[in-house]
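Have a look at the structure below before the remarks.
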Amino acid sequence: MSADLLRTLCALPAPPGREDEFRTFLIEHLSPYADQVRTDPMGNVFFIRKGKGTAPRTIMLAAHMDEIAFLVRHITKEGFLYVQPLGGFDPRVLDAQRVWVHGRQRLPGVFGTKPAHFTTPEERTKAVPLEDMFIDLGLPAETVTELVRIGDPVTLDRDLITMGNCYTGKTLDDRVGVYVMIEAFKQFEASQDTIVAVATVQEEVGVRGAKAAAFGLEPDIGIAVDITIAADIPGIEERNWCVRLGSGTAIKIMDTYSISDPRLVEFLRTLAEEQGIKYQMEILPRGGTDAGGMQLARSGIPVCTLSIPCRYAHSVVETVHQDDVAASIALLRSFCEQSHRFPTTANSVAK
Ligand SMILES: [Zn+2]
C-alpha cells in the first residue's frame, strides 16, 4: 500500500461542485491503466478497462471525489467570514480548526472561537451553531475583500498521518474509497466484463454525481466504495457499533439510501470466503453512498457498497485501519476479475 498516494488524495481540495483539481490529478495518475478515459458535463470521470469476454457487461465502480466543505456566504466589514456548509458537518468538531480559503489565492485561516475566559457556564456545555461560527484570516479587511469573494470554497486543513495500525486525517471519506477503487483498478489482471471506475462529484450533497453518471453509462451492476461508521468506541453499546475497525472490509446489506441486491451481497461474501479475505456485514441505520444514486438510474440497477470502516466520520480525525483498506482492495480486485460469475437478469416482459 502506498501511504504517500493516500496522503496526496486526502490533501487535494474538492468541495462539492468544485472537484477540478482532484480530477486533474486522478486523470494524470490513473489514465495509463485505462483503455479509455472520459468525463461528463457534471464532472464525473470514467476510467474504462474493456472486458475480454464475448458479451461483456458494464460494471460501474463508484467512489466520490468531493469532501464536505463550505462556501463563503458573508464577509464582515472587519474582514471575518461566515460560511454556508456543503454536506453534513457537525459544529462540535469545527471549533478552533484550521482551514484553507480558496480565494484569488489559497489563504490559511482559522475558525475563531470565544476564549474560555469570556464564555458563560452554559456556553461551555454547548457547541456553537455553524451559522454563528466565523473564519479569521489574519488579514486587514481591505485585503480580505480584495482576495475573497462570496461563493469562494473553504476546506479543512489536516495532514494524513499513520497512527498505530491506522491512518488518520481529514477527507478519508471518501479518499480512502477512491484509493481502494484505483488500486483495485490498477491491480486486477483481466476481466470478462468491462470495468468502469467512476470518480464521482457531489456525493456529500445528496449523491448527485453518481445518479447522472449511472444514467449516462447504463451499467449492469453498480458497486460503490465508501467509508462506513465504525462506532466501536467508549460510550457506545456494542449492538450499535455498526462495524468494527480492523475486522475487515464491510459488505453493505443496507443503509438509508439503498438496499443492496441480496444476490450481489451473497456473491461478494462468497468471493471473500474463497479468497480468505477478512470481511464483516454492515447495516448502517443512517447515511448513504453512491449506490443509492446508481440503483435508481434508468430502470434500476443491482448495487452493493463495499465499505471501509471509519471512526470519527466527518471530522478532521477520521480513522481507518490499514488491514481493512488492504482487505477492501483485495475484495474489489477479486470482484473485477470474477464478475462474470454473477448473473444479471435483463428486463423481462410478461405476456
Ligand atoms: Zn462518503
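Throughout, read-outs are computed from the coordinates displayed, never taken from laboratory work. The structure presented is a predicted model; accordingly, all values stated were derived computationally and were not measured. We place every Cβ from the backbone using ideal geometry, glycine too, and count neighbours over all the protein chains shown.
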> Say the dipole of the chain comes from +1 at the beta carbon of Lys and Arg and -1 at that of Asp and Glu; which of Phe70, His117, Ala224 then lies farthest toward its positive end?
Replying inline: Ala224
> Hey, rough spin-label estimate for Thr270 and Glu218, points 7 angstrom out along Cα→Cβ, what's it come to in nanometres?
Replying inline: 2.8
> How high is the relative contact order of segment 69-156, in percent, with contacts defined as C-alpha pairs under 8 Å that are six or more residues apart?
Replying inline: 45
>> Calculate the FRET efficiency for Trp100 and Glu146 from the Cβ-Cβ distance with a Förster distance of 22 Å, rounded to the nearest 0.05.
In response: 0.80
> Under a plain spin-label model, where a point goes 7 Å from the Cα along Cα-to-Cβ, how far apart in nm are Asp136 and Arg263?
Replying inline: 6.0
> What does the charge dipole of segment 25-116 about its Cα centre add up to, to the nearest 20 debye, if the Cβ of each Lys and Arg holds +1 and the Cβ of each Asp and Glu holds -1?
Replying inline: 120
>> Just to check I understand the Karplus step: with θ = phi - 60° and J = 6.51 cos²θ - 1.76 cosθ + 1.60, what whole-Hz values come out for segment 282-297, glycine and proline as x?
In response: 10, 10, 9, x, 8, x, x, 9, 4, 4, x, x, 5, 4, 9, 6
>> I'd like to compare 113-120, 296-303, 274-281, 213-220: which one has the highest average count of other Cβ atoms within 10 Å, and what's the full order after that?
In response: 213-220, 296-303, 274-281, 113-120
> So for the chain, taking the charge dipole from beta-carbon charges (+1 Lys/Arg, -1 Asp/Glu), which of Val148, Ala14, Gln202 sits furthest toward the positive end?
Replying inline: Gln202
> Treating the beta-carbon of each Lys and Arg as +1 and of each Asp and Glu as -1, no other charges, what is the dipole magnitude of the chain about its Cα centre, to the nearest 20 debye?
Replying inline: 560
>> As an exercise, use a Förster radius of 22 Å and the Cβ-Cβ distance of Glu122 and Arg92 to find the FRET efficiency, rounded to the nearest 0.05.
In response: 0.90
> Roughly how many whole Å is it from the C-alpha centroid of segment 331-345 to that of segment 110-175?
Replying inline: 43
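How would you classify segment 1-131 from its alpha-carbon gyration tensor, with a ≥ b ≥ c the square roots of the eigenvalues: rounded for a/c under 1.5, else prolate if a/b is greater than b/c, otherwise oblate? Walk me through the numbers before you get to the answer.
Working: a/c = 2.92, a/b = 2.54, b/c = 1.15.
Because a/c hits 1.5 or more and a/b exceeds b/c, segment 1-131 counts as prolate.
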> Any idea what the dipole of segment 69-156 comes to, in debye rounded to 20, about its Cα centre with Lys/Arg Cβ at +1 and Asp/Glu Cβ at -1?
Replying inline: 180
> Using the scaling law 2.2 N^0.38 Å as the reference, what is the normalised Cα Rg of segment 69-156?
Replying inline: 1.08
> Given the pairs Lys126/Lys252; Lys114/Lys252; Lys126/Lys211; Lys114/Lys211; Lys211/Lys252, which are separated by over 30 angstrom at their Cα positions?
Replying inline: Lys126/Lys252; Lys114/Lys252; Lys126/Lys211; Lys114/Lys211
> So what are the chain's ellipsoid semi-axes, whole angstrom, largest first, if each one is the square root of 5 times an eigenvalue of the alpha-carbon gyration tensor?
Replying inline: 37, 23, 18
